[in-house]
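Notes follow the structure.
The values are calculated or read from the model by the stated rules, or taken from the named source; none is laboratory data. In this text the structure is predicted, and so the values were computed from the model without any measurement. Counting neighbours? That spans all protein chains shown, and the Cβs are built from the backbone with ideal geometry, glycine included. The protein model used for the area step is the full one, side chains on, heavy atoms only, and it has no ligands, DNA or RNA in it. Shrake-Rupley method; radii C 1.70, N 1.55, O 1.52, S 1.80 Å.
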Amino acid sequence: MIVVHYLENSRAHRILWLLEELGIPYDINVYRRGSDMRAPRSLKAVHPLGKSPVIEDGGKVIAESGAIIEYLIDAYGGEALRPAVGTDERLRYTYFLHYAEGSAMPLLVMKLIFAKLPTQVPLFVRPFATLIAKGAAKSFIDPQLEDHVAFWESELARDGYFAGSNFSAADIAMSFPLEAAMSRMEKGRERPLTAVRRHLEAIRSRPAYQRALARGGAYSFATT
């Protein structure tokens with residue numbers, strides 16, 4: 001039995017979703033965030049970095065979302081969730097599977113950190129911290145995020161999914177960056193993100209996505 005070490009309000013939802021898509025039975029160990037929003041130290045007993053998601057399977061401990069996705073597809077016959085080797089779709093699949101954590105999430109985490117910065121410093125320096133946070137967002141973080149969001153819109157407008165015209169595990173990997181970004185950036189946009197919105201509606205309507213929510217619970221994008 002696979003065990004998923006599941007931190008509340010985190011990217012671990014994607015692993016439950018993949019397991020549901022694959023039809024693999026699993027157990028969940030749920031961890032609650034502390035008042036500092038960090039994972040509890042008990043997760044370090046599972047993996048030295050104390051991060052989630054982490055899975056255990058047959059004595060193996062696998063961490064990192066992309067690595068877990070690849071492991072589960074390889075080990076449990078998930079070829080229907082990735083395009084055939086040698087195709088252009090497979091190249092897109094591999095790119096977005098790694099892009100999700102390598103390029104998209106670092107910017108979103110940075111945006112969250114700077115948004116929280118003014119509340120994490122002594123009261124007398126908060127005005128300065130607020131100026132620094134707003135300056136970093138305006139001059140560095142937000143312009144890059146706009147480039148990424150426009151990139152997603154363009155890619156999804158091609159054929160609806162990130163690796164071609166069929167749903168794949170790349171869409172699972174990209175789901176959290178899309179949901180997190182849309183929860184913070186969609187309002188007030190001059191150009192609506194039609195393709196992104198349509199994609200989110202499609203993935204959220206999948207029965208496996210809904211079953212994963214039922215098992216793990218709803219999650220917030222205010223923490224990553």
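Got a sec? What order do Asp36, Asp57 fall in by accessible area at 1.4 Å, biggest, i.e. largest, first? Intermediate values should be presented prior to the final figure.
Numbers: Asp36 95, Asp57 15 Å².
Listed by decreasing accessible area, they come as Asp36, Asp57.
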Taking all pairs of distinct alpha-carbon atoms in the chain, Kirkwood radius in angstrom
18.6
Can you pull the percent of the chain's accessible area that's carbon plus sulfur, 1.4 Å probe, other chains left in place?
56
How compact and how long is the stretch 8-85, expressed as Rg and Dmax of its alpha-carbon atoms in Å?
13.5, 46
Please report the relative contact order for the stretch 127-205, taking Cα pairs under 8 Å with a sequence separation of at least 6, and give it as a percent rounded to a whole number.
28
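Test of understanding: what is the full-extension gain from Met1 to Arg211, defined as 0.36 nm times their sequence separation minus their Cα-Cα distance? List each step's numbers first, then the result.
Values: separation 210, 0.36 × 210 = 75.60 nm, distance 1.80 nm.
Contour length minus Cα-Cα distance gives 73.8 nm.
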Helical mean residue ellipticity (222 nm; -39500 (n - 2.57) per DSSP H run of 4+; nearest 500) of the chain
-15500 deg cm²/dmol
Qualifying trypsin sites (Lys or Arg not before Pro) in the stretch 25-98, DSSP loop, other Cβ atoms within 10 Å at most 11:
Arg32
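To the nearest 0.05, how large is the calculated FRET efficiency for Val121 and Leu49 if R₀ is 25 Å and r is the Cβ-Cβ distance? Can you show the working numbers first?
On the way: r = 26 Å, r/R0 = 1.04.
Efficiency, rounded to the nearest 0.05: 0.45.
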Express in nm, to one decimal, how much length is gained between Met110 and Ser165 on full extension, taking 0.36 nm for each residue of separation and deducting their alpha carbon distance.
16.6 nm
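Under a 1.4 Å probe, what is the accessible area of the stretch 47-99 per residue, stated in Å²?
On the way: 2800 Å² over 53 residues.
Per-residue value: 53 Å².
Report the percentage of all Cα-Cα pairs in the stretch 73-185 whose separation exceeds 21 Å, rounded to a whole percent. All intermediate terms of the calculation are to be shown ahead of the outcome.
Numbers: 2952 of 6328 pairs.
Beyond 21 Å sits 47 percent of the P(r) for the stretch 73-185.
Rounded to the nearest 0.05, what FRET efficiency do Lys60 and Ala150 have when you use their Cβ-Cβ distance and R0 = 35 Å? Working shown, then result.
Numbers: r = 39 Å, r/R0 = 1.12.
That pair, Lys60 with Ala150, gives E of 0.35.
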Note the full-extension length gain between Phe140 and Ile24 as 0.36 nm times their separation in residues minus their Cα-Cα distance, in nm to one decimal.
37.5 nm
Calculated FRET efficiency, Thr130 and Ser183, Cβ-Cβ r, R0 25 Å, to nearest 0.05?
0.70
